[in-house]
Amino acid sequence: MTVTAGIDVGTGAVKAVLFEVEGENARWLARRVERVRQRDPYRLAEEAYDALLEAAGLRRGDIAYVATTGEGEALSFHTGHFYSMTTHGKGAIFLDPETRAALDVGALHGRAIRIDARGKVLAYKMTSQCASGSGQFLENIARYLGIAQDEIGVLSKAGDSPEKVSGICAVLAETDVINMVSRGISASNILKGIHSAMADRLIRLLRSIGSIDGAVLMTGGLALDDGIGACMEEGMAKEKVRTPIRHHPDSIYAGAIGAALWGAFRHDKLARQGALANAA
Amino acid sequence: MTGTREIIARCESLFEDLDFGYAREWKAAQAGRKVVGYMPFYVPRELIHGSGALPLGVLGGGDQLEVIQGDAYYQSYICRIPRSTIELALSGRLDCVDAMLFPSICDVIRNLSGMWKILFPKVRSFYFDLPQNFRDEVGGAFYIHELEELRGVLAELRGRGIGDEEIRASIALYNENRRLVRAVYGLRSREPWKAPSSEVYLLMRAGMILAVEEHNRLLRQYIEASQSEERPRRDNARVVVVGAFCEQPPLNLLKSIELSGCYIVDDDFMLVNRWERGDVPEDGDPVQALALSYLHNSGDTSAKYEPDQSKKGLYLVEAVKTSGAEGVIMAMPSFCDPALLERPMLQSVLSAHGIPYIAFKYAENSGQMQPIREQAGTFADSIKLWSEQ
């Protein structure tokens, strides 16, 4: 029995999980998500880790492997670090075994990751540096419009005549939104326009990683945004892409889950080699 | 006992000092002292030291130097080290250098030696030709002649001849230096978490500036300190970094590779520090000893010809095996002819031996590390999760 931790330090939120792994069987012990909100993400990560241990009745010494992902490589107590594509792929397979591609929609980037049944990354594409089409951009626009984050999805789905928003440049997209507000366009149609533009980019990203032999699972902070989900489904139907797009209530933890599971895999492999790391 | 933090802080201040304050102070401390600059990848520092001069490694301007005048001397498709070296000289930062050696690493450096003669006629500029034939009667005879010519140049600079005893004494000091350098590399290869590559790099760079006696003391201190300090051992992939033997990678690049989950367990950053694989004989004819060591007991790099094609690139396979590495990162400077022309041959050899590798290019002033972190990090993931070991 191996107990491991996975910590995903993202731009918008820190996600941490504890897992108990034995062979192919993995069981959640605890989970925690903390939005960054201009605080030190590394301090948040450490606090989240300690809170998880407390919730599970464990101490740091009980954890065989602390695996980080996202921007977590600078955490002083990690045993090993895995890159986002590696962890989101594995996490997606755990959440939905039929997944053969993860679409990670985070605060700063979008990533399409094609995987096999073991979670091995076969192809990968990421959006460019521009923040348009990212969760951070959406969050900013919602704030300008005075809309709470949990209202975004509901309002977007109510949109019946969405306005086109620039999908390339965050500055142009913001200008588009200012123009729409001054023209009296409803918040629902503005949000749906943004979601549609984001969905267009994400669908292009998915098409660029090749043929997907299974389902696509949306992961990351925006995975549970109903609005983007609905626009993705509409966009996929319009583009005649038959790959099913799926969601999972724990999608936001996909990176942290993948890190914890790969951590257990590495721990067992290193134990067999007699070369265990002891950083944590 | 001096701790690693203190030792590395000193090395870093030497590394960041583009005015070469140490060399200036060393020269000013005694009348008649000379400083002899040299470029990568190899020069016989024993001859320079034997003449009483300070060998000073000039490895470009790094990422802290803005190149303004240097760009006027080279076309755009030439690497950055000659531009920044010219910039260092034109801005007066190298005015403590009395002679400058340009080893035969590539056409660009050969060209630079010519420019030096024109631009700085008062500085003795010497193009140091290394043998590409390894038979004693051909390459050996040529190289002894080349070494004797250099000995004459250094004697002229000093104002009197250089005795065999003086060279033998220097060989003994550099043998000790190479033993200590090998010890540091061995320590890092065995326990890389105790000797991070960013520290080992700075320690080796200090050897390009400090007098060898002082560098030996520093190496001993570091070995002692790093072994006595406890540091966390992470689950990182073990890699060899190859291709960076001339224009140096920015320090942040090394830190990024380490941060992305790799332990660098061997490299070719400063070959001159460990070019000879064992001791150079300390008795007999010292010039002949240096020549024979170069021919028969030295390292390999793309600037050195390999006459037996079946052995091409095997030095890298050997480095992987000896250091227990799990993969190779080919980090080569943009527009570096020797490194980039050798790269496909190395890739072919690595593939034949089932050794995973990645390749990317850099310049000494590269600032954007995110793509390198992504590439090195995913390479580390693939080794850790999918290698057969």
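Values quoted throughout were computed directly from the atomic coordinates according to the rules given, and no laboratory measurement underlies them. Everything numeric here is computed off the predicted structure, so don't read it as measured data. FYI the Cβ positions are ideal-geometry reconstructions off the backbone, even for glycines, and counts take in every protein chain you see.
Residues with amide H under 5 Å of B:Ile264's amide H, sequence separation 5 or more or different chain, H placed in the peptide plane at 1.01 Å from N; which?
B:Ser197, B:Val239
Starting from 0.36 nm per residue, how many nanometres of slack lie between A:Ala271 and A:Glu47 once their C-alpha separation is accounted for? Walk me through the intermediate numbers first.
Working: separation 224, 0.36 × 224 = 80.64 nm, distance 2.84 nm.
In short, 77.8 nm is gained.
Helix-derived [θ] at 222 nm for chain B: sum -39500 (n - 2.57) over DSSP H runs of at least 4, divide by residue count, nearest 500?
Values: 14 runs with 185 residues, N = 389.
Value at 222 nm, helices only, nearest 500: -15000 deg cm²/dmol.
Considering only B:Ser260, B:Ser198, B:Ser91, give the residue with the highest GNM mean-square fluctuation for chain B, with springs between Cα atoms whenever their separation is below 10 Å.
For chain B, modelled as a Gaussian network with Cα springs under 10 Å, the answer is B:Ser91.
Could you let me know the centre-to-centre spacing of the range A:51-93 and the range A:190-267, using Cα atoms, in angstrom?
When both Cα centres are located, 23 Å separates them.
Given points 7 Å out from each Cα along the Cα-Cβ axis, report the A:Asn179 to B:Glu6 separation in nanometres with one decimal.
Once both label points are built, they end up 6.6 nm from each other.
Using the Karplus curve 6.51 cos²θ - 1.76 cosθ + 1.60 with θ = phi - 60°, work out ³J(HN,Hα) for each residue of the range B:258-273 in order, rounded to whole Hz, and write x for Gly and Pro.
Once θ is set to phi - 60°, the couplings for the range B:258-273 become 5, 5, 7, x, 10, 9, 7, 9, 7, 7, 10, 4, 10, 4, 4, 5 Hz.
Work through the residues other than B:Tyr42 whose Cβ is under 10 Å from its Cβ and net out their charges, Lys, Arg +1 and Asp, Glu -1. The partial results should precede the final answer.
Numbers: positive: B:Arg45, B:Lys304; negative: B:Glu276.
Surrounding charge for B:Tyr42 is +1.
Cut-off 10 angstrom, C-alpha nodes, Gaussian network model of chain A. Which of A:Asn189, A:Asn140, A:Asn25 fluctuates the most?
A:Asn25
What ranking of A:Val33, B:Val58 emerges when the number of other C-beta atoms within 10 Å of each C-beta is taken as an exposure proxy, fewest first? Show your work: numbers first, answer last.
Values: A:Val33 17, B:Val58 23.
Going from least to most buried by this count: A:Val33, B:Val58.
When DSSP assigns beta bridges and you keep just the ones with both residues in the protein assembly as shown, what percent turn out antiparallel, to the nearest 5? Display every interim value, and only then the final one.
Details: 29 of 71 bridges.
Percent antiparallel among DSSP bridges in the protein assembly as shown is about 40.
For chain A, what does the helix formula give at 222 nm: sum of -39500 (n - 2.57) over DSSP H segments with n ≥ 4, over the residue count, nearest 500 deg cm²/dmol? List each step's numbers first, then the result.
Values: 8 runs with 113 residues, N = 280.
Helices in chain A give a 222 nm mean residue ellipticity of -13000 deg cm²/dmol.
Once phi is turned into θ = phi - 60°, what whole-Hz ³J(HN,Hα) does the Karplus curve with 6.51, -1.76 and 1.60 give for every residue of the range A:74-84, x standing for Gly and Pro?
8, 5, 5, 9, 7, 7, x, 10, 10, 7, 4
Of the candidates B:Arg231, B:Arg33, B:Arg178, which one comes out as most mobile in a Gaussian network treatment of chain B with C-alpha springs shorter than 10 Å?
Top of the fluctuation ranking is B:Arg231.
Suppose each label sits 7 Å from its Cα in the direction of the beta carbon; what would the B:Asp285-A:Tyr144 distance come out to in nanometres?
8.1
Rank the residues A:His267, B:His296, A:His88 as a footprinting-exposure proxy: fewest other Cβ atoms within 10 Å of their Cβ go first. Walk me through the numbers on the way to the answer.
Working: A:His267 23, B:His296 12, A:His88 34.
Lowest count first: B:His296, A:His267, A:His88.
Taking H placed 1.01 Å from N in the peptide plane, check which residues at least 5 places from A:Leu122 or on another chain put their amide H under 5 Å from its amide H.
Amide H neighbours of A:Leu122, under 5 Å, 5+ apart: A:Arg114, A:Ile115, A:Asp116.
Using the Karplus equation 6.51 cos²θ - 1.76 cosθ + 1.60 (θ = phi - 60°), what ³J(HN,Hα) coupling, rounded to whole Hz, does each residue of the range A:212-221 give in order, writing x for Gly and Pro?
9, 8, x, 8, 9, 10, 7, 10, x, x
Only bridges whose two residues both fall in the range A:99-247 count here: according to DSSP, what percent of them are antiparallel, nearest 5?
Details: 10 of 17 bridges.
DSSP beta bridges in the range A:99-247 are roughly 60 percent antiparallel.
For each of A:Asp104, A:Asp40, count neighbouring Cβ atoms within 10 Å of the residue's Cβ, then give the residues from fewest to most.
Values: A:Asp104 29, A:Asp40 10.
By the 10 Å Cβ count, ascending, the order reads A:Asp40, A:Asp104.
Tell me, how many Å apart are the Cα centres for the range B:45-70 and for the range B:263-297?
If you average the Cα positions of each part, the centres end up 20 Å apart.
Say each of B:Glu165 and B:Gln69 gets a label point 7 Å from the Cα, pointing the same way as Cα to Cβ; how far apart are those two points in nm?
For B:Glu165 paired with B:Gln69, the spin-label model returns 4.4 nm.
What FRET efficiency do you get for B:Lys117 and A:Arg60 if R0 is 45 Å and r is their Cβ-Cβ distance, rounded to the nearest 0.05? List each step's numbers first, then the result.
Values: r = 64 Å, r/R0 = 1.42.
After rounding to 0.05, the efficiency reads 0.10.
How much net charge surrounds A:Asn189 when only the other residues with a Cβ under 14 Å from the Cβ of A:Asn189 are counted, with Lys and Arg +1 and Asp and Glu -1?
Neighbour charge sum, excluding A:Asn189 itself: +1.
Name the residues whose placed amide hydrogens come within less than 5 Å of the amide hydrogen of A:Ala30, ignoring near sequence neighbours (fewer than 5 apart) on the same chain.
Amide H neighbours of A:Ala30: A:Leu18.
When the chain is fully extended, how far beyond the present Cα-Cα distance does B:Arg217 get from B:His145, taking 0.36 nm per residue of separation? Could the numbers behind the result be given before it?
Numbers: separation 72, 0.36 × 72 = 25.92 nm, distance 3.37 nm.
Here the answer is 22.6 nm.
Mind giving me the FRET efficiency for A:Glu20 and A:Ser211? R0 is 56 Å, r the Cβ-Cβ distance, nearest 0.05 is fine.
0.95
Restricting to bridges with both residues inside chain B, how much of the DSSP beta-bridge set is antiparallel, in percent to the nearest 5? Could the numbers behind the result be given before it?
On the way: 1 of 28 bridges.
If we restrict to bridges inside chain B, about 5 percent are antiparallel.
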